[in-house]
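A.B. asks: Quick one: the structure is below, and I'll ask about it shortly.
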Amino acid sequence: GSLRVAAFNLENYFTDFSGCTRGTLGEPVDCRGASNQTEFDRQVAKTIPALSGLDVDVLGLIELQNNGFGPGSAIADLTGRMRAATGHPWAFIDADAGTGEVDALGTDAIVVGLIYREDRVTPVGRTAVLNSIEFVNGGNSRPGSRPTLVQAFEDEAGGRFLTGVVHLRSKGGSPCDIGDQGDGQGNCNVMRTNAVNELLAWLETDPTATGEEDILLIGDFNSYAMEDPIRALEAAGYTNLITAGPGTRSYSFVFDGEWGYLDHALASPSLAPQVTGAALWPINADEPNVLGYSTAFKSPNQLTTLFSPDPFRSADHDPVVVGLELVRDRGIAAGFGGFLPPLGLRPEPFRILVAGRTVPLRFSLGGDFGLNVFADGYPASRKISCSTGEALSDPEPIWQRGLRPLSYSAGNGVYRLNWATDRAWQGTCRALIFKFRDSSQVTTTFDFRR
């Protein structure tokens, strides 16, 4: 594809070795990851080659230290190292600045994060975080899932997509109110499933204010492919890109000698056709943890012979990579060839309509651009002079409650929208304005009769 996105569980990337807190304002918490500067240097020597080796444009990170977004924060440190190692202008999404909240990503010891190449994509819309009790607790009396970070991006050619970085409650740790049900899905499955349903409902509210329906959910769901949380996403229309690509025998994580994948990439119905491929990069799960950066329980000789500054065993999860070939938004109107019958049979420039009738607007854009094709407030109509075409009123949106919304038929490539005209328009002329999300525009004029 022309764009690559990845998710990587870093297995606790902490820049502090003591004095850790839950966020910038939270209570003290044990530090994780490297225990000292020596171990951290060894961790960096593996983490940065792994991340840069992915060769991606947008990167979702899991298990970053929750210590804000300042110069000494884990995400700022890692982003700076990526700039130095790759020569590319990497930047990070500051969730606190984007949402106006302090510690928007919660008060767990670890958080998710997003970094991106500024020369390849641009953040658009609002930065959004799902940090509600309903999501984080998932119906449990105690929190568990980390808040989900969501950001929309636009590529150099105007293609857009929205990505959400997810890290749900693990199967281990203290029991949930509804714990292991003995069904093979482990502890807290109900909590994770509830969280996914909250996420789906929240995404329907357009949290980024972009109207973007091309959604890629990535991260550590702590759920295997056939478990309830993933099945709930599939039931909502999302495509499990690993199952659809590498296959059901893929794995990204090894636990007690058993293999599976907790690290997912799921595409919304409109984004799935724009996915060119997905893969797991097997650099960690198959490698024994003794090859990691830790210096514990190793002799001086083993500290050198068992260590190499390369991607292998940089963490305990394999990263997942997705290729995208986004539908470009620029020039949507270029494919508009006029209205199709029945409206298309009426002569121009002023098509004659009966005031008060509902008019089926059928048209093609030369491809499937999804259902989010219009700019905010459009399509719209306005009163105009029948003689000069001069505007006599402001544009008014034509969406009407109870009427069938915009639909698309993949079989014939035709869009359809019902326009409820007003009987009071009798004897007037109006312009129907299709302004698309790429700012291109098509205007058609009508003469309303009895």
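The values are calculated or read from the model by the stated rules, or taken from the named source; none is laboratory data. The shown structure was predicted, so the numbers you read here are calculated from the model rather than taken from an experiment. Positions of Cβ are generated from backbone atoms using ideal geometry, with glycine treated the same way; all protein chains shown enter the neighbour counts. To get the accessible areas, we keep the full protein, side chains included, count just its heavy atoms, and leave off ligands, DNA and RNA. Shrake-Rupley method; radii C 1.70, N 1.55, O 1.52, S 1.80 Å.
A.B. asks: Determine ³J(HN,Hα), in whole Hz, for all residues of the range 105-121 in sequence, where each value follows from phi through the Karplus function 6.51 cos²θ - 1.76 cosθ + 1.60 and θ = phi - 60°; x replaces Gly and Pro.
C.D. replies: These are the phi-based 3J(HN,Hα) values: 8, x, 10, 6, 5, 10, 9, 8, x, 9, 10, 7, 8, 5, 7, 10, 9 Hz.
A.B. asks: Same structure again: Using a probe of 1.4 angstrom, how much of the accessible area of the range 83-222 is carbon and sulfur, in percent?
C.D. replies: 48
A.B. asks: Tally Lys and Arg at +1 and Asp and Glu at -1 over the other residues with C-beta under 12 Å from the C-beta of V29: what net charge comes out?
C.D. replies: -2
A.B. asks: Using θ = phi - 60° and the Karplus relation 6.51 cos²θ - 1.76 cosθ + 1.60, list the HN-Hα couplings for the range 441-450 in order, rounded to whole Hz, with x at every Gly or Pro.
C.D. replies: 8, 10, 10, 10, 10, 9, 10, 9, 10, 6
A.B. asks: While we're looking at this one, here's another question. According to a simple spin-label model (label point 7 Å from Cα along Cα-to-Cβ), what is the distance in nm between D180 and D30?
C.D. replies: 2.1
A.B. asks: On to the next question. Report, in whole Å, the centroid distance computed from the Cα atoms of the range 179-225 and the range 332-410.
C.D. replies: If we compute the Cα centre of each part, the gap is 37 Å.
A.B. asks: Now for a separate question. Net charge near G179, counting Lys/Arg +1 and Asp/Glu -1 over other residues with Cβ under 14 Å of its Cβ?
C.D. replies: Taking every other residue near G179 into account, the sum is +1.
A.B. asks: Now for a separate question. Give the residue list of trypsin sites (Lys or Arg not before Pro) in the range 328-370 that are DSSP loop and have at most 14 other beta-carbon atoms within 10 angstrom.
C.D. replies: Answer in residue order: R330, R357.
A.B. asks: A further question on this structure: What length, rounded to one decimal in nm, is gained on full extension from T38 through to D376, with 0.36 nm per residue of separation minus their alpha-carbon distance?
C.D. replies: That pair, T38 and D376, stretches by 116.4 nm at full extension.
A.B. asks: Select from the range 205-284 those GluC sites (Glu not before Pro) which occupy a DSSP coil region and have at most 15 other Cβ atoms within 10 Å, ordered by residue number.
C.D. replies: The qualifying sites: there are none.
A.B. asks: For a quick check, take a GNM of the chain with Cα springs below 10 Å and name the residue from D394, D96, D180 with the largest mean-square fluctuation.
C.D. replies: Answer for the Gaussian network model of the chain: D394.
A.B. asks: Please build a GNM for the chain, connecting alpha carbons under 10 Å apart, and tell me which residue among G87, G179, G260 fluctuates the most.
C.D. replies: Top of the fluctuation ranking is G87.
A.B. asks: Can you list residues from other chains, or at least 5 along the same chain, whose modelled amide H is less than 5 Å from the amide H of A285?
C.D. replies: Result for A285 returns D318.
A.B. asks: Working out 0.36 nm times the residue gap between H88 and E234, then minus their Cα-Cα distance, what length gain in nm do you get to one decimal?
C.D. replies: Extra length available between H88 and E234 comes to 49.0 nm.
A.B. asks: With each pseudo-label sitting 7 Å past Cα toward Cβ, what's the D368-A97 distance in nm, one decimal?
C.D. replies: That separation, rounded to one decimal, is 3.8 nm.
A.B. asks: Once both axes come from the Cα atoms, what is the angle between helix 189-203 and the longest principal axis of the chain, in degrees from 0 to 90, rounded to 10?
C.D. replies: 40
A.B. asks: If you stretched the chain out fully between S170 and T358, how much longer would it get, using 0.36 nm times the residue separation minus the C-alpha to C-alpha distance?
C.D. replies: 62.4 nm
A.B. asks: Relative to the longest principal axis of the C-alpha atoms of the chain, give the angle of the C-alpha long axis of helix 37-53, reported between 0 and 90° and rounded to the nearest 10°.
C.D. replies: 40
A.B. asks: Does the range 252-366 come out rounded, prolate or oblate, given a ≥ b ≥ c as the square roots of the eigenvalues of its C-alpha gyration tensor, rounded meaning a/c under 1.5 and, failing that, prolate meaning a/b above b/c?
C.D. replies: prolate
A.B. asks: Continuing with the same structure: In nm, give the distance between the simple-model label positions of A334 and S409, each being 7 Å from the Cα along the Cα-to-Cβ direction.
C.D. replies: About 2.7 nm separates the two model spin labels.
A.B. asks: For the chain, with a Gaussian network of springs between Cα atoms less than 10 Å apart, report the residue from A380, A209, A235 with the top mean-square fluctuation.
C.D. replies: A235
A.B. asks: What lysines sit close enough to K298 to cross-link, taking a C-alpha to C-alpha distance under 22 Å and skipping anything fewer than 8 places away on the same chain?
C.D. replies: K46
A.B. asks: Considering only protein heavy atoms, what per residue accessible area in square angstrom results for the chain with a 1.4 angstrom probe?
C.D. replies: 43
A.B. asks: So how tilted is helix 74-86 from the main axis of the chain? Cα-based, degrees 0 to 90, rounded to 10.
C.D. replies: Taking the Cα atoms of the chain, the angle to 74-86 is about 90 degrees.
A.B. asks: Tell me, what HN-Hα J-couplings in whole Hz come from the Karplus equation 6.51 cos²θ - 1.76 cosθ + 1.60 at θ = phi - 60° for each residue of the range 423-433, using x for Gly and Pro?
C.D. replies: Coupling constants for the range 423-433: 4, 5, 7, 3, x, 10, 10, 9, 9, 9, 10 Hz.
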